[in-house]
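Read-outs throughout are calculated quantities, based only on the coordinates presented, and are distinct from any laboratory measurement. Treat the numbers as computed from the prediction; the structure is a model and nothing was measured. A quick note on method: Cβ atoms are made from the backbone with ideal geometry, for glycine too, and the neighbour counts reach across all protein chains shown.
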Amino acid sequence: MEKNALKIDIEGNLYDCFISKKKISRIIMKVNALLQINISCPLIFSQSKCLDFIDKNSEWLKTTIKERREIYNKMHVVECLERKGIWLKGKYYNFQYSNNNILYLFDKNNLYIPKKQIIDKTFIEKLRKPFYNEIENMFNSFKTIYSNIIPNDTILTFKRLKTKWGSCNYKKNIIVINKALVSVPDEILQFVFIHEFVHFIFPNHGIKFKEKLNSLLPNYKVLEKELKNYNFLLEKGVF
C-alpha cells in the first residue's frame, strides 16, 4: 500500500493529510479524532486528482473539522499528545511535578509526580494498574448479575486495540477490553461490557442484538455517543 503525507490548508490552518492508494474502486475521505485527514483512493489515482477531490468537498471538510475540533479541545487532546495530562475514569488530570518521591498523588484536577519521572508507557501502565483491577471487579460482578447471558467460565483480558473498544469471542468465552477504557466513566465502561455480553446471544449487530441491548440498557445510544468523545485514545501515539 502506497502512502503519501502532505499538509492541507483549511481556513488558514494546516492539517496533516495522508493519501493511501489501495485496491478499491472509489475515493474515501475521513477526518480522525486527531484532526488528520485520511484519504483512501484507487491505485491509478494521482495526487492531483485527490487534491481536486478535497477541493470539491471543502465545505464538508470545513464542517467536519469544526465539529471534530470542538471535541478535540474539550478532551484536551493536545495536552494528552504532549503528555501533559491524562484521562482516568472520565476525569482529566494535569501532570504536575513535585519535590516528593511518591510515584503519584491525585489532588482534585492534578496528578503529582516526582520531578525526575519520565512519562512513558511503563509509567502510564503503573498509573492504570489499580483501575484495571476495578474493571476486573466490575466484570466479576456482572458475571453474577447477567449469569443468564454470560457463560460461567468466561474470562476477561486487556489489550491495546487499535480500532475498537472491546470484543467478544463467544466460541471461546473470552471478553477482550481495550486498555484505554480506564479513561472513561464507569457508566460508559458498563455500556461496553453489556454490549459485548449481548454478543453471547447475538454475534452480529442486527435488529435482535439492538433490541436486546436496549432492553438491558435503554440509554445505550447516549452512552455510545459519549464514548466517541474518547476515540482519540484509539489513535497511534496516544496512550
- Message: How far apart, in nanometres, would the label points at V222 and S20 be if each is projected 7 angstrom from Cα along the Cα-to-Cβ direction?
- Response: 3.5
- Item | Cα convex hull volume per residue for the range 145-213 (Å³) | 96
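About the Cα centre of the range 1-115, how large is the charge dipole given +1 on each Lys and Arg Cβ and -1 on each Asp and Glu Cβ? Please answer in debye to the nearest 20.
Dipole magnitude for the range 1-115 comes out near 380 debye.
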- Just for the Cα atoms in the range 18-124, what are the lengths along the principal axes, largest first, rounded to whole Å? 59, 26, 21
- Message: Looking at the chain only, what percent of DSSP beta bridges run antiparallel? Nearest 5 please.
- Response: 60
- Task: Collect residues whose amide H, placed 1.01 Å from N in the peptide plane, falls under 5 Å from the amide H of I10; neighbours closer than 5 in sequence don't count.
- Result: Y15
- Task: Could you run the Karplus curve 6.51 cos²θ - 1.76 cosθ + 1.60 with θ = phi - 60° over the range 57-66 and give me ³J(HN,Hα) per residue in whole Hz, x for Gly and Pro?
- Result: 10, 5, 5, 4, 5, 4, 5, 5, 5, 4
- Restricting to lysines and to Cα separations under 28 Å from K56, and discarding same-chain partners fewer than 8 apart, the set is K3, K7, K21, K22, K23, K30, K66, K228
- Query: How would you rank V238, V77, going from fewest to most other Cβ atoms within 10 Å of each one's own Cβ?
  - Reply: V238, V77
- Message: Give me the dipole magnitude in Debye, nearest 20, for the chain about the Cα centre, with unit charges on the beta carbon: positive for Lys and Arg, negative for Asp and Glu.
- Response: 560
- Item | the range 1-48 - charge dipole about Cα centre, Lys and Arg +1 at Cβ, Asp and Glu -1, debye rounded to 20 | 340
- Message: How compact is the chain by the rule of thumb for globular proteins, expressed as Cα Rg over 2.2 N^0.38 Å?
- Response: 1.18
- On a C-alpha basis, how far is the centre of the range 132-181 from the centre of the range 1-47 in Å? Whole number, if you could? 35
- Message: Starting from 0.36 nm per residue, how many nanometres of slack lie between N204 and S141 once their C-alpha separation is accounted for?
- Response: 20.2 nm
